[in-house]
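One structure is given below, encoded as structure tokens.
The values are calculated or read from the model by the stated rules, or taken from the named source; none is laboratory data. Note that the coordinates shown come from a computational prediction; the quantities given were computed from them, not determined experimentally. No Cβ is skipped: glycine too gets one built from the backbone with ideal geometry, and neighbour counts run over all protein chains shown.
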4 protein chains.
Amino acid sequence: MIKVTVWNEYEHERTDSKAMECYPNGIHEYVAGFLGSDDIEVRTAYLEMPEHGISEEILQDTDVLIWWGHRAHNKVSDEAAARVQKHVLSGMGFIALHSAHHSKPFKLLMGTTCNLKWRSADRERLWCVNPTHPIASGVPEYIELEIEEMYGEQFDIPKPDDIIYLGWFGGGEVFRSGCTFTRGNGKIFYFQPGHETYKTYHNEDIQKIIRNAVYWARPSVKRGLIPCPRFESLEKTK
Amino acid sequence: MIKVTVWNEYEHERTDSKAMECYPNGIHEYVAGFLGSDDIEVRTAYLEMPEHGISEEILQDTDVLIWWGHRAHNKVSDEAAARVQKHVLSGMGFIALHSAHHSKPFKLLMGTTCNLKWRSADRERLWCVNPTHPIASGVPEYIELEIEEMYGEQFDIPKPDDIIYLGWFGGGEVFRSGCTFTRGNGKIFYFQPGHETYKTYHNEDIQKIIRNAVYWARPSVKRGLIPCPRFESLEKTK
Amino acid sequence: MIKVTVWNEYEHERTDSKAMECYPNGIHEYVAGFLGSDDIEVRTAYLEMPEHGISEEILQDTDVLIWWGHRAHNKVSDEAAARVQKHVLSGMGFIALHSAHHSKPFKLLMGTTCNLKWRSADRERLWCVNPTHPIASGVPEYIELEIEEMYGEQFDIPKPDDIIYLGWFGGGEVFRSGCTFTRGNGKIFYFQPGHETYKTYHNEDIQKIIRNAVYWARPSVKRGLIPCPRFESLEKTK
Amino acid sequence: MIKVTVWNEYEHERTDSKAMECYPNGIHEYVAGFLGSDDIEVRTAYLEMPEHGISEEILQDTDVLIWWGHRAHNKVSDEAAARVQKHVLSGMGFIALHSAHHSKPFKLLMGTTCNLKWRSADRERLWCVNPTHPIASGVPEYIELEIEEMYGEQFDIPKPDDIIYLGWFGGGEVFRSGCTFTRGNGKIFYFQPGHETYKTYHNEDIQKIIRNAVYWARPSVKRGLIPCPRFESLEKTK
């Protein structure tokens, strides 16, 4: 059983009519809805909860944390962001969706600005450039999104471990839309689609990619930070 | 002309007799001494200076910052560390020497703990595994260091852009000793040798690697953070 | 069920008394012996068989091919080597053991000389530098091999996708001992230990790494070469 | 002085009126024309010459080989292709232009099919995703090509060392259009634009990228294959 926590700032879906229409109970509940299964147990959390719903206890009990945020990044406390970073380095998987590129935990893990170009309401085609990666398993070679927010290069991230998806936008841009990173014992997947006023997460291939990413990102070693020990020489240990 | 600032915490060399013997005027002055040349202009800075010697003005005027620190990492202010990070992302080169792996600016740029195994007083052989990289230019395929502090794997860093040197230690360990990273517009080189009580920086091949790294890390684009603009679509710009 | 074919040139174990003692029925039978299980079905093949035991039919029916060769690389026909390359590009996993670095199929897949330094009879310590990779799952952070052939850098291979193991040798060398590569739809693992006159493959951790590699390298997409189609534009396909 | 040889199959420009109009003396002469300078000495060669104009003597005297081929790949002898591969592994730079992705030397160096999707006559926008790489120096963040042949993913190449350009095509595709590889002591740059019936090489930014690539790819170590020596242990060499 993989324990997933889906975190959402949950602001747009309570104030913006288009977002409400797409995700009436919030993006977190929608994502939880399609992820939950025999071997994935999902809880949700959002900004207004005590400790933003991601207390030390919750994170210790989370195998993979999914993060969606857009306009309220600065409302997340520095303590909570540092806690997420620590748990990722300890082995918790982390899936950063859409504008989570600018979230505090993601930026702490990347070390860069994570800036990019952007524009509303474009067409997107997501191309797989790494078909043998587990995250792309069972997904067609490209996915059409009739409407999505444009995110374009230069995307200020460290060189990814793997680039799995490249995004093509009708207005003339490209983007490294699906990227993996390893930090400490933790696996990270950034995935660009998912603007709050479009029904991107209703797309079954998008759902499949996120589900694949949950399996891929789950902890594979005993949770804990990589240590910093004084180490005996071979001669002494013999 | 490349403007280099060599930063040192400058604590050991004023209190430890062995370090004083190796580097009587401090590691910063020693490194500055072998780097200065017709096309490299060097200034030095250390912890006790106002703003640790790395004010906004100094960093704006620095092409490549070399950093040496060991036991006083926590005395560096968070503001100064964030300032260094910002300038690296803007294009300033950054060379992190030896125990600078645990310095605040390096950890901010990596996003990980940068932990490792360690032990005093071992033999090291540094092997080049990337001979065509500019940082290895003109350096023999391996360098013997009769005595050096052992740093061993698991080294908790993101996957480097390039691994140029692997360290072999007599006591049975290996280490990714010379690694490059790109963050924003900035180039970073981490180089493991250089414990304060050994004469590692007196070695001419070690000096050559650091000099090569200065040339490699100098800014190659106009200084500035990668921006985050709203971007017009191709149709509108035509 | 994963179908594995273990290929061996099978020369040393019929002529060299030390090799016969370590692997009386050949390395292929020994590897097959520890791999076979409920979900891994193993067949063996060797040089003297018709078509070297790796006909088109056999390779089509093979999910992962394990290759051991040392002194008889040139006895493998160019046709057989090209056939292996084609099947790897089509998705068959390929595990190249020890001196298979100089085998024809491996060199075709790498495009380089795959040269390295070597010496008999040294001690080795294999360090994991990528503990979250599936190939390292359940294996301790290092493995001691009391005696092994030394393989040292410079190892003339393309930059690996992932370096999972670094080898330390008592005589002063290091080596990228466990490396992965993706070529076409195929996954490749090169693993350095396994000289014919030492009992390396009797080591349970070495066995575990090879078993992990079999699971990792099995085909993840429908077998076939990546195609080269004329492709309709988006406008026409709408 | 960098010695460059520009190789071209030189077939289209003698039979196709559109290609003749774009490159009346052949693509090789056109590329030679814009490359030649105070520190770049250029010679040209083409398929019909004895030994295709790339004899052992010529390659020994070549620092960087530029290759353009499209429909006559199979007319290049296996010997010539192997000779180019050997010289690249020995340190000669290699710049593969446009449909040289399917040339014999490039495929030998990659080990894969190098297949891709294609279509005539599309618009392209080339985006830089690695602005600090020397190959991108002084070039704007994107380049518009009003007409170019579409090359689209999945591009069957090994993971590049660096992706410098991503191509966007009006018809809905993306491509890893500018990629670097290291093989042995040689540096390789693949660059997608340059169909024979379009004036792509007349574009000054395209010219600048190729010129930058020449500087980047020139040999940086003494020419020669990485060797395979028996190596003495540290104990014996002391």
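Looking at B:Pro160, is it closer than 23 Å to C:Ile164 by Cβ and either assigned to a loop (DSSP other than H, G, I, E, B) or of a type in the set (Gly, Ala, Ser) (or both)? Against the criterion (closer than 23 Å to C:Ile164 by Cβ and either assigned to a loop (DSSP other than H, G, I, E, B) or of a type in the set (Gly, Ala, Ser) (or both)), B:Pro160 qualifies. Does A:Phe191 fit the bill of being closer than 23 Å to A:Pro105 by Cα and in contact with a strand residue (DSSP E or B) (Cβ under 7 Å, 6 or more places away or on another chain)? Yes. So C:Val64 passes all but one of these: (1) over 14 Å from the mean Cα position of the chain (by Cα); (2) surrounded by 15 or more Cβ atoms within 10 Å (Cβ to Cβ); (3) over 26 Å from C:Ser120 (Cα atoms). Which condition number does it fail? So the condition that C:Val64 fails would be (1).
In this structure, does B:His52 turn out to be away from every other protein chain (no Cβ under 11 Å) and over 13 Å from the mean Cα position of the chain (by Cα)? When the stated conditions are applied, B:His52 passes them.
For (1) surrounded by 24 or more Cβ atoms within 10 Å (Cβ to Cβ); (2) in contact with a helix residue (DSSP H, G or I) (Cβ under 9 Å, 6 or more places away or on another chain); (3) within 14 Å of chain A (Cβ to nearest Cβ), each residue gets a yes or a no:
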{"site": "B:Leu126", "(1), (2), (3)": "yes, yes, no"}
{"site": "B:Pro131", "(1), (2), (3)": "no, no, no"}
{"site": "B:Ser137", "(1), (2), (3)": "no, yes, no"}
{"site": "B:Glu144", "(1), (2), (3)": "no, yes, no"}
{"site": "B:Asp156", "(1), (2), (3)": "no, yes, yes"}
{"site": "B:Ile164", "(1), (2), (3)": "yes, yes, no"}
{"site": "B:Gly167", "(1), (2), (3)": "yes, no, yes"}
{"site": "B:Phe175", "(1), (2), (3)": "yes, no, yes"}
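Tell me which residues, restricted to segment C:99-124, are among the hydrophobic types (A, V, I, L, M, F, W, C), surrounded by fewer than 24 Cβ atoms within 10 Å (Cβ to Cβ) and more than 15 Å from the chain's Cα centre (by Cα). The answer is C:Trp118, C:Ala121. Condition (residue is surrounded by fewer than 19 Cβ atoms within 10 Å (Cβ to Cβ) and within 13 Å of chain D (Cβ to nearest Cβ)) applied to segment C:89-98: is it met by at least one residue? Checking segment C:89-98: not a single residue is surrounded by fewer than 19 Cβ atoms within 10 Å (Cβ to Cβ) and within 13 Å of chain D (Cβ to nearest Cβ). Considering D:Lys208, D:Lys222, D:Lys236, the condition of being within 14 Å of chain C (Cβ to nearest Cβ) and assigned to a helix (DSSP H, G or I) is satisfied by D:Lys236 alone.
Residues considered: B:Gly53, B:Gly26. Of these, the only one that is at pLDDT 95 or above and under 15 Å from B:Thr200 (Cα atoms) is B:Gly26. Among the residues of segment D:103-146, those that are in contact (Cβ under 8 Å) with a residue 12 or more places away in the chain and in contact with a Cys (Cβ under 6 Å, 6 or more places away or on another chain) comprise D:Asn115, D:Ala136, D:Glu141. Just to be sure, is C:Leu97 within 16 Å of C:Lys187 (Cα to Cα) and out of contact with any Lys or Arg (no Cβ under 7 Å at 6 or more places or on another chain)? Answer is yes for this residue.
Each row is one residue, and each column tells you yes or no for (1) within 18 Å of D:Gly194 (Cα to Cα); (2) out of contact with any Phe, Trp or Tyr (no Cβ under 8 Å at 6 or more places or on another chain); (3) outside any helix (DSSP H, G or I).
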{"site": "D:Tyr10", "(1), (2), (3)": "yes, no, yes"}
{"site": "D:Arg14", "(1), (2), (3)": "yes, yes, no"}
{"site": "D:Ala19", "(1), (2), (3)": "yes, yes, no"}
{"site": "D:Pro24", "(1), (2), (3)": "yes, yes, yes"}
{"site": "D:Ala32", "(1), (2), (3)": "yes, yes, no"}
{"site": "D:Glu41", "(1), (2), (3)": "no, yes, yes"}
{"site": "D:Glu48", "(1), (2), (3)": "no, no, yes"}
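Of the residues contained in segment D:100-107, none is found to be within 28 Å of B:Asn185 (Cβ to Cβ), more than 10 Å from chain C (Cβ to nearest Cβ) and small (Gly, Ala, Ser). None of C:Glu57, C:Glu79, C:Glu48 is touching a residue at least 12 places away in the same chain (Cβ under 8 Å) and among the charged types (D, E, K, R) except C:Glu48. Of all residues in segment A:161-186, those that are closer than 25 Å to A:Arg223 by Cβ, touching a Phe, Trp or Tyr at 6+ places or on another chain (Cβ under 8 Å) and without any contact (Cβ under 8 Å) to a residue 24 or more places away in the chain total 2.
Taking segment B:63-139 and the strands (runs of 3 or more DSSP E) fully enclosed by it, the elements with 2 or more residues that are of a type in the set (Phe, Trp, Tyr) are at B:64-68, B:117-128.
Checking each residue in segment C:87-104 for being under 18 Å from C:Pro219 (Cα atoms) and not hydrophobic (A, V, I, L, M, F, W, C) picks out C:His87, C:Ser90, C:Gly91, C:Gly93. The set of residues from segment B:33-58 being surrounded by 21 or more Cβ atoms within 10 Å (Cβ to Cβ) and either under 14 Å from B:Lys3 (Cα atoms) or of a type in the set (D, E, K, R) (or both) comprises B:Val42, B:Thr44, B:Ala45, B:Ile54.
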